[in-house]
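For reference, the structure is listed below as structure tokens.
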Amino acid sequence: MEIPAGLATALRRGTLEFCVLALLENEERYGVELVTQLAAETALTTSEGTLYPLLSRLRRTGLVATTWQESPAGPPRRYYSLTSHGKAALAHFRSEWVAFRDAVDHIVGTEYR
């Protein structure tokens, strides 16, 4: 049986927003830094073309705030940080994720034994 090509994309689409919020939980970051960290640490490779619209939506919905900071090389960078609303959304996602993950693991037989 062939695994659907879009499976990883669908899973990534549903969780990328919260992975970004988690990366912003303890320190502010700029967009390219987020793209790099997602690829390096989580295997959630994404492009700037995907990430920047997501960050814009997170800003419009009040989950992240932005500031402009001078860059050591090049133009100023927009840094993103988690708002209190973003922290609450991340905490809610974490609790929902555990229940969801446990249910899926149980059904597909991948639960920890």
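The values are calculated or read from the model by the stated rules, or taken from the named source; none is laboratory data. Keep in mind that what you see is a predicted model, and the values were worked out from it rather than measured. Note: ideal-geometry Cβ built from the backbone for every residue, glycine included; neighbour counts use all protein chains shown.
Considering each residue of region 33-49, count those that are β-branched (Val, Ile, Thr) and in contact (Cβ under 8 Å) with a residue 24 or more places away in the chain, and give that number.
Residues that pass the stated criteria total 1.
Please verify whether region 52-69 includes one or more residues that are over 16 Å from residue 24 (Cα atoms), among the hydrophobic types (A, V, I, L, M, F, W, C) and out of contact with any helix residue (DSSP H, G or I) (no Cβ under 6 Å at 6 or more places or on another chain).
Among the residues of region 52-69, not one is over 16 Å from residue 24 (Cα atoms), among the hydrophobic types (A, V, I, L, M, F, W, C) and out of contact with any helix residue (DSSP H, G or I) (no Cβ under 6 Å at 6 or more places or on another chain), which makes the answer no.
Have a look at 33, 111, 96, 48 and point out the one that is farther than 15 Å from residue 20 by Cα and under 19 Å from the mean Cα position of the chain (by Cα).
Answer to the selection: 96.
From the list 17, 33, exactly one residue is at pLDDT 75 or above and over 15 Å from residue 57 (Cβ atoms). Which is it?
Numbers: 17 fails: over 15 Å from residue 57 (Cβ atoms).
Step by step, each of 17, 33 is checked, and only 33 is at pLDDT 75 or above and over 15 Å from residue 57 (Cβ atoms).
Regarding residue 22, is this residue assigned to a helix (DSSP H, G or I), hydrophobic (A, V, I, L, M, F, W, C) and modelled with pLDDT under 80?
No; evaluated as a whole, the condition is false for this residue.
Which residues, taken from region 73-93, are without any contact (Cβ under 8 Å) to a residue 60 or more places away in the chain, within 20 Å of residue 28 (Cα to Cα) and either surrounded by fewer than 12 Cβ atoms within 10 Å (Cβ to Cβ) or hydrophobic (A, V, I, L, M, F, W, C) (or both)?
Residues satisfying the conditions are 73, 74, 75, 76, 84, 88, 91.
Any idea which residue in region 17-47 is surrounded by the fewest Cβ atoms within 10 Å (Cβ to Cβ), counting only those that are closer than 15 Å to residue 94 by Cβ and of a type in the set (A, V, I, L, M, F, W, C)?
22
Scan region 48-65 residue by residue and report those that are surrounded by fewer than 17 Cβ atoms within 10 Å (Cβ to Cβ) and either assigned to a strand (DSSP E or B) or among the hydroxyl-bearing types (Ser, Thr, Tyr) (or both).
Hits for region 48-65 are 50, 52, 56, 61.
Residue check: is residue 96 in a loop (DSSP other than H, G, I, E, B), free of Cβ contacts under 8 Å to residues at least 60 places away in the same chain, surrounded by fewer than 17 Cβ atoms within 10 Å (Cβ to Cβ) and not small (Gly, Ala, Ser)?
For residue 96, the condition - in a loop (DSSP other than H, G, I, E, B), free of Cβ contacts under 8 Å to residues at least 60 places away in the same chain, surrounded by fewer than 17 Cβ atoms within 10 Å (Cβ to Cβ) and not small (Gly, Ala, Ser) - is not met.
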